[in-house]
1. Describe numerically, in nm with one decimal, the distance between label points set 7 Å from Cα along Cα→Cβ at Leu92 and at Glu179.
2. Suppose R0 equals 30 Å; then what is the FRET efficiency for Gln58 and Arg212 from their Cβ-Cβ distance, rounded to the nearest 0.05?
3. Classify region 93-213: rounded, prolate or oblate, from the alpha-carbon gyration tensor (a ≥ b ≥ c, eigenvalue square roots; a/c under 1.5 rounded; otherwise prolate if a/b is larger than b/c)?
4. Taking the Cβ-Cβ separation of Val11 and Glu118 as r and a Förster radius of 45 Å, what is the calculated FRET efficiency to the nearest 0.05?
5. Cα convex hull of region 49-113: how many Å³ per residue?
6. What does the charge count near Ile8 come to, summing +1 for each Lys or Arg and -1 for each Asp or Glu among other residues with Cβ under 14 Å from its Cβ?
7. Would you mind telling me the share, in percent, of accessible area of the chain contributed by carbon and sulfur at probe 1.4 angstrom?
8. Calculated FRET efficiency, Arg128 and Lys68, Cβ-Cβ r, R0 22 Å, to nearest 0.05?
Amino acid sequence: SVSINISIHRVSLPFRSFPFRYIITIETGPEDDMGTDADAYVILKAGDEETEELSLYQFDDEFKPGLKQEIEVEAPDIGELTSIMIGHNGVLSEEGWYISNVAVTVPTTGARYTFPCERWLARDRGDRKLSVELKASTVQDFGALVPYLLNVVTADKERAGTEADVMVKVFGSKGSSEEIRLPSKGGTRFVRAMDVDLRVEVPDVGPLTRIRV
């Protein structure tokens, strides 16, 4: 069993002291030699504003040929994206990476940006560069989600934490959300005596009436 307490409140935008969540979707080319296990990164840009290098580390540590893979990153809200810089540190021939397409989804604003690529990032192919700046070709509006800040506290007693997924459903005057899996903080699950703030985005359900954990 788990002993956990959750409090929740709606975040009023702008809320720049709390980072935005960005979902990076990368499509690697289909041929067998087009994937990479090098360390990859992305820099998001909005005019003169840009983020720092954001690691695209994932648990299997590999971008596989022919797959679309999603990585979630957090960064400050810098406004409407205009371009991204994507790259990696693989200098060996087998670490070359062919990227077909990159998309960036921002749940809080409801924007999804598409960045066509169709090129190698490799020392021995194409222009032999390991990074490239891509311009946004399309921007789709799929409907903004409402950000909520959840404070999660686990008890300071034996077996109070859990390695399992913790699901939350939010109810309001306009209806309810789907079940939401609470994100881990820095890769850490819900351990004993933990006090952490987490951010989730859900459709507008109106003023909150209750939550179910």
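1. 4.2 nm
2. On the way: r = 30 Å, r/R0 = 1.01.
Taking R0 as 30 Å, the efficiency between Gln58 and Arg212 is 0.50.
3. Judged from the Cα gyration tensor, region 93-213 comes out oblate (a/c at least 1.5, b/c at or above a/b).
4. Values: r = 37 Å, r/R0 = 0.83.
Between Val11 and Glu118 the formula returns 0.75.
5. On the way: hull volume 7.5 nm³, N = 65.
For region 49-113, the hull spanned by Cα atoms encloses 115 Å³ per residue.
6. Values: positive: Arg10, Lys169, Arg199, Arg210, Arg212; negative: Asp197, Glu201.
Here the count lands on +3.
7. For the chain, the apolar C and S fraction of the accessible surface comes to 46 percent.
8. About 0.25, to the nearest 0.05.
The values are calculated or read from the model by the stated rules, or taken from the named source; none is laboratory data. If you're wondering where the values come from, they're calculated on a predicted model, not measured in any experiment. Every residue, glycine as well, gets a Cβ built from its backbone with ideal geometry; the counts of neighbours run over all protein chains shown. Accessible surface is based on the protein model in full, side chains and every heavy atom, while ligands, DNA and RNA are left aside. Shrake-Rupley method; radii C 1.70, N 1.55, O 1.52, S 1.80 Å.
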